[in-house]
Structures are given as structure tokens and as C-alpha cells.
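To start, the structure itself, in C-alpha cells.
The values are calculated or read from the model by the stated rules, or taken from the named source; none is laboratory data. For clarity, every value in this text was computed on a predicted model and none was experimentally measured. Methodologically, a virtual Cβ is constructed for each residue, glycine included, from the backbone with ideal geometry; neighbour enumeration extends over all protein chains shown. Remember, those area values only see protein heavy atoms, side chains included, never the ligands or the DNA or RNA. Shrake-Rupley method; radii C 1.70, N 1.55, O 1.52, S 1.80 Å.
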Amino acid sequence: MDAVSSSQGLHGSERPGALLVGVCRCLHDGAAARVHQLLLGAAVVETMPAPSETEDVATSFGTVRAYTWAGGGEQDSPPVVPLPGRTSGAPMWAANVPKLARSRRVIALDALGDAGMSVQPAPLTSVEDQAAWTDEVISALAPEGPHLVGHSFGGATAAVYAGSIPTACAP
């Protein structure tokens, strides 16, 4: 990776996500993975509107970082929970969050075992494990049931979650 491009900062790039994806593809060890997590955490601050709340939710598989935008409009409506694709984390939703938050509460997650600020000490061995930690986070932050949106692997997680716990999602 070019040192100049990484020193420009995320706002200095026309496509902030491109830098993060490039970094992610180069990482394979624990220390480098932590650097990537910190970059993604910075991307949330630099590429997205400031969240109303940031919290870490303990699950059976680790601690999940959740970013909430209180939004406006229909606050009694179910929140929207966008689940990111692999190597993306919450910043992949930067273009969508402002529009969604106009009318709904939005809760974006950094997936366990992937890019972002979540910490995973226990192994995820199946898609059911993905659905389990997702359920634990949703039960804590959106017990009324959310509208799930997923990209790529996040879409697969949303489908397995909705299929295995259909009453947990908003109609």
C-alpha cells in the first residue's frame, strides 16, 4: 500500500472505503487486524453522521459495537438494522444512514469476526452462530423487532436470522 495514500486520511480520498478495503485485504495477523479495526472506527467518525449513541453489546461470541442514529419522523416505527458485507463494518452504510435516519432509528453493527470495532473471542462455526449473536444484539437494542437490511454476507445473516427466529423481525 502506498504510504502517501494512507497518510492523506479518509477525507482526502475520493472513495474512503477503497483505502479501508485495501488495508483489510493486506491483514492477516492479530496486530495488523487491530490496526484495521481502528481505521474502520475512524471511518465511522469521518464518513458518517455522528451517531446518537455508540455502545458495545456483550454476546455469547464476543462484544459487538453498535452505532445508533436516533433519526426523526416515525420513532415509534421499528428500527432499521443494516448488516454489513464481509470486510466492511458499519462504514459501508455511510451513504444510506442519513436517508434512513430521516424517518427511522438506525442501528448499524460491526459484525463479529470481521472488520470494525467488535471483538470476537469465541469461534463462529456456522450461520446459526451468526444468527445467534445477531439475535442477542437485537434483543438488547431493538426488542420490538427491527427491519433487517443486509449486504452480501450481511444479507445471508439477515436471511438465516429471519428464517430461524421469524417472530423477532418487524412485519
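Return yes when Thr68 is surrounded by fewer than 23 Cβ atoms within 10 Å (Cβ to Cβ), in a strand (DSSP E or B) and touching a Lys or Arg at 6+ places or on another chain (Cβ under 8 Å) and no when it is not.
Yes: the conditions hold for Thr68.
Do any helices (runs of 4 or more DSSP H) entirely within the stretch 71-171 hold 3 or more residues that are closer than 23 Å to Phe61 by Cα, and if so, which?
127-141, 153-164
Can you tell me which residue in the stretch 50-81 is nearest to Ala95 (Cα to Cα), limited to those that are among the acidic types (Asp, Glu) and more than 15 Å from the chain's Cα centre (by Cα)?
Looking at the filtered set, the residue picked out is Glu74.
Consider Ser126 against the criteria (1) without any contact (Cβ under 8 Å) to a residue 40 or more places away in the chain; (2) among the polar types (S, T, N, Q); (3) closer than 20 Å to Val80 by Cβ: it satisfies all of them except one. Which criterion is unmet?
Of the numbered conditions (1) without any contact (Cβ under 8 Å) to a residue 40 or more places away in the chain; (2) among the polar types (S, T, N, Q); (3) closer than 20 Å to Val80 by Cβ, the odd one out for Ser126 is (3).
Return the pairs, sorted by first residue and then second, in which the second residue is assigned to a helix (DSSP H, G or I) and open to solvent by 60 Å² or more (accessible area, probe 1.4 Å), the first residue lies in the stretch 153-171 and is among the small types (Gly, Ala, Ser), the beta carbons are less than 7 Å apart, and the residues are 6+ apart or on different chains.
Partner pairs satisfying both residue conditions: Ala156/Val127; Ser164/Glu128.
Just to be sure I understand, how many residues within the stretch 71-114 are among the basic types (Lys, Arg) and buried (at least 24 other Cβ atoms within 10 Å of the Cβ)?
1
Could you check, for the stretch 73-88, whether at least one of its residues is out of contact with any Leu (no Cβ under 9 Å at 6 or more places or on another chain) and without any contact (Cβ under 8 Å) to a residue 24 or more places away in the chain?
Yes - at least one qualifying residue is present in the stretch 73-88.
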